[in-house]
Amino acid sequence: MDDVHPGLQLGDIRLEAGRCHVMGILNVTPDSFSDGGRFAVRDAALRHAEAMIDEGVDIIDVGGESTRPGAEPVSADEELARVMPVIEELCANHEIPVSVDTSKAEVMRAAVDAGAVMINDVRALREPGALDVAAASGVAVCLMHMLGEPRTMQNDPRYDDVVGEVLNFLQQRVEVCRAAGIDRTRIVIDPGFGFGKTLVQNLRLLASLDRFVATGLPVLAGISRKRMLGEILHGADVNHRLYASVSAAVISAQAGVAIVRVHDVAATLDALKVVEALREQEAVGDAQA
Ligand code: PT1
């Protein structure tokens, strides 16, 4: 890639030149930790976070609202009760940059007050108050494209030109953010794999990641373990999508994506080292032939 960003300060997050960073997914939702109780869920999440830190994760994305296809909304109080104890503990006792995966202004504000350095919003700051809280916070924001809402988004999603429409939407949201006082240097864009998209539409986006990278904004791609991989694998369930997930991360990195959002941190970091080695070799080769 010639147009990979030259190293970039994203709010409090330093993105190194030409490297694809790994965002580890930390779901604090009862469906991921079936046995329920608040403390059990919190402790399991913290153990999972520590394991990802040991593996070398770059950013941890903490979320308390499932946004998978079919998922129901949760209240702000419920989301706060899920994520805040985890964000507070991580920010108080670890150096790792923490991102909060939420669309709610109230959750954004509490998370940033506790030390989160990125707001990751699958609704691209369209919920009431979210834009103002993000602007006032001074932290980085990830703006994602979604067609509809999680509960119904996979019911026959249609586009005339999926790549053009997703790019347009994100460019419009970037302009809205800038008008609200959020600097370009704080903004990440994300095509939103699986959010109101068929397999073909997802593949068009994957094949066109370079067009998102060409905006000059850092791009985030979240493909890990998603349904699109299950479809490519002829129905492999969510626990049998590791190799496909790692492949998607490598394809994303090769296209110049700055951050991949993944479940499998160690495997992804190893795979991305191959991409990096190739880039370094190409840089040396360019100099020495
Ligand atoms: C994502 C993302 C996210 N994905 C960002 N945040 C989820 N920035 C949550 C499926 O098709 O891609 N980017 N936060 C998880 N959401 C989904 C959506 C999980 C679709 C699974 C699917 O399987």
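Structure summary
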item	result
Choice from 18, 148, 63 showing the highest fluctuation, given a GNM over the chain with Cα pairs closer than 10 Å	148
Charge dipole of the range 190-289 about the Cα centre (unit charges at C-beta), most positive-ward option of 194, 247, 260	194
Helix-only mean residue ellipticity at 222 nm for the chain, each DSSP H run of n ≥ 4 adding -39500 (n - 2.57), per residue, nearest 500	-14000 deg cm²/dmol
Set of lysines near residue 197 by C-alpha distance (under 16 Å), chain-local residues within fewer than 8 positions excluded	226
For the range 252-289 versus the range 110-142, the gap between their alpha-carbon centres in whole angstrom	29 Å
Size of charge dipole - the range 164-273 - debye, nearest 20, with Cβ of Lys, Arg +1 and Asp, Glu -1, no other charges	120 debye
Residues 251, 60, 13, sorted so that the one with the fewest Cβ neighbours within 10 Å comes first	251, 13, 60
Residues 200, 275, 257, sorted so that the one with the fewest Cβ neighbours within 10 Å comes first	200, 275, 257
About the Cα centre, charge dipole magnitude for the chain (Lys/Arg +1, Asp/Glu -1 at Cβ), debye	520 debye
Rounded, prolate or oblate (a/c below 1.5 giving rounded, otherwise prolate when a/b exceeds b/c) for the range 150-289 by Cα gyration tensor	oblate
94, 234 arranged by Cβ crowding within 10 Å, fewest neighbours leading	234, 94
Dipole axis of the chain (+1 Lys, Arg; -1 Asp, Glu on Cβ), positive-most option in 27, 287, 166	166
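The numbers here are math on the coordinates, done by the rules we state, and not lab data. Keep in mind it's a predicted model, so treat the numbers as computed, not measured. Reconstructed Cβ throughout: ideal geometry from the backbone, glycine too, with neighbour counts over all protein chains shown.
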